[in-house]
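Some notes on the structure that comes next.
Each value in this text was obtained by applying a stated rule to the coordinates, not by laboratory testing. Every value quoted in this text rests on a predicted model; they were computed, and no experiment measured them. We place every Cβ from the backbone using ideal geometry, glycine too, and count neighbours over all the protein chains shown.
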Amino acid sequence: MNKADCKSILDYKEFPNYDILYCDPPWEERMTKWFRTKMRKDIGKAPSFTFEEIITKLGESAIKNKPLYIEYDIKTYEGVINRMESMGHKFAGVTIYPLYTKSQQAVLSFNTNIVPESNVKKISHSITEMFRKHGEGLTIFDPFAGIGITAKMVIASGNYYHGSELNPKRVAKLKTILNLN
């Protein structure tokens, strides 16, 4: 069953039951600051968490023997690899994709031998195919759901999506994508 929570990653005592964790957390403190500004504009208040708290919670709460995928900035992803490895996650590989701009992003794979393919034009196709390789009917948990891009890929792969997003406006959009309204 698809689900959408309006909750911060830091509010979880432990993550909900999942088979795969896939997320696009803030890229360093600069993105955390951007998100706080967006929340202040959208709902009049902003969370006080730091990037360090977020990445620590992600590494500690992700189950060590279940696949973990992290979308991240190509310029600084090595630090995330080091951090996840220091918390017991086994690094499996990195896949680099072009973004819509001149920049690139990476998908870091941990605790699995299934790494997304890079020889495709669209990251969404590659990630959807990666989810399919794991099987169907699985629950993919995304603690940084955003506007639902990952949700669309999970549904297209024949799996279930459980997303969590702190911004209520984004949760409303996510619920529409998941037909939960």
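Brief remarks follow.
- Derived scalar couplings ³J(HN,Hα) [region 16-22; Karplus, 6.51 cos²θ - 1.76 cosθ + 1.60; whole Hz; x for Gly, Pro]: x, 4, 8, 9, 9, 10, 10
- Between the amide H of TYR161 and those of ASN2, LYS3, ILE140, distances stay under 5 Å, these residues lying 5 or more places away or on another chain, with hydrogens modeled in the peptide plane.
- ASN65-THR176 FRET efficiency (beta carbon distance; Förster radius 22 Å; 0.05 resolution): 0.05
- Distance between the pseudo-spin-label points of ARG40 and THR56 (7 Å out from Cα toward the beta carbon): 2.4 nm.
- From most to least packed by mean Cβ count within 10 Å, the peptides 72-80, 51-59 give 51-59, 72-80.
- Cα centroid of region 134-181 to Cα centroid of region 2-60, whole Å: 15
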